[in-house]
Amino acid sequence: MNLKEENESIKDHLRKAFSLKEDSASHEEIRSRLLDGGIITGTNLCVLVCAMIIASVGLNMSSTAVIIGAMLISPIMGSILASAYGSVSNDYPVLRNHLSGFGMQIAISVAAATIYFFLSPVKEPTVELLARTSPSFYDVLIAFFGGLAGIIGQTRIDKTNTVIPGVAIATALMPPLCTCGYSIANGRWDMLLGAGYLFLINAYFIFLAACIILSL
């Protein structure tokens, strides 16, 4: 085997090793899985409120373990992935429906957090709360690559993948919304802008990453 053939062989092996086509689910299954995951139900909204209260308590106590637990049970990412599918497939009714649902989830999340922090006796911002008010370039990287991992996991044949829980923890959609609630409840408008910006960064780059993979 000459050098050129050896290089071609290596390229073929690498191409096969990193291929996303071999174990990809069918188009119909991907559509069903993503759209079902983005459906807003009474159960999902109740779970969302519970997750927001748990995350708010964790931020109030500076308890990382509690915050992680809240992120694991939050259903909010489903709407982002479903919206990405609607955008890539040019299905505007689907896109509009899931963006509306996402907006409702945001409103309910911030309202739940605002009520909690209004009633909470602990008014001083903790380290965990302050950490959600200063977005950086690293947050962009985490959201983008977390979104890539999430959508790749969701589009595989194997339904038992464990990617989504890890993505939920890494991209951290809940804590910035909780911090928005804290800001509103305590009149800390300086914190509101940073926390809201961090949430938008996370949501947008998850959406962008999902669109890239779904368009391949």
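The values are calculated or read from the model by the stated rules, or taken from the named source; none is laboratory data. Please read all numbers here as calculations on a predicted model, not as lab measurements. Because the Cβ atoms are built from the backbone with ideal geometry, glycine has one as well, and the counts that use them run over all protein chains shown.
Which one is surrounded by the fewest Cβ atoms within 10 Å (Cβ to Cβ) among residues in region 82-135 that are of a type in the set (D, E, K, R) and closer than 18 Å to Met191 by Cβ? That would be Glu124.
Of all the residues in region 190-215, those that are in a helix (DSSP H, G or I), over 14 Å from the mean Cα position of the chain (by Cα) and either closer than 30 Å to Ser19 by Cβ or modelled with pLDDT of 95 or more (or both) number 10. Of all residues in region 162-183 being surrounded by fewer than 19 Cβ atoms within 10 Å (Cβ to Cβ) and of a type in the set (Val, Ile, Thr), which is modelled with the highest pLDDT? So, considering only residues that are surrounded by fewer than 19 Cβ atoms within 10 Å (Cβ to Cβ) and of a type in the set (Val, Ile, Thr), the one modelled with the highest pLDDT is Ile169.
Conditions (1) over 18 Å from the mean Cα position of the chain (by Cα); (2) outside any helix (DSSP H, G or I), marked per residue:
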site	(1), (2)
Phe117	yes, no
Pro121	yes, yes
Glu124	yes, yes
Leu129	yes, no
Pro135	no, yes
Tyr138	no, no
Phe144	no, no
Gly147	no, no
Ala168	no, no
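Among the numbered conditions (1) of a type in the set (A, V, I, L, M); (2) closer than 25 Å to Ala209 by Cα; (3) buried (at least 19 other Cβ atoms within 10 Å of the Cβ), the only one that Leu72 does not meet is (3).
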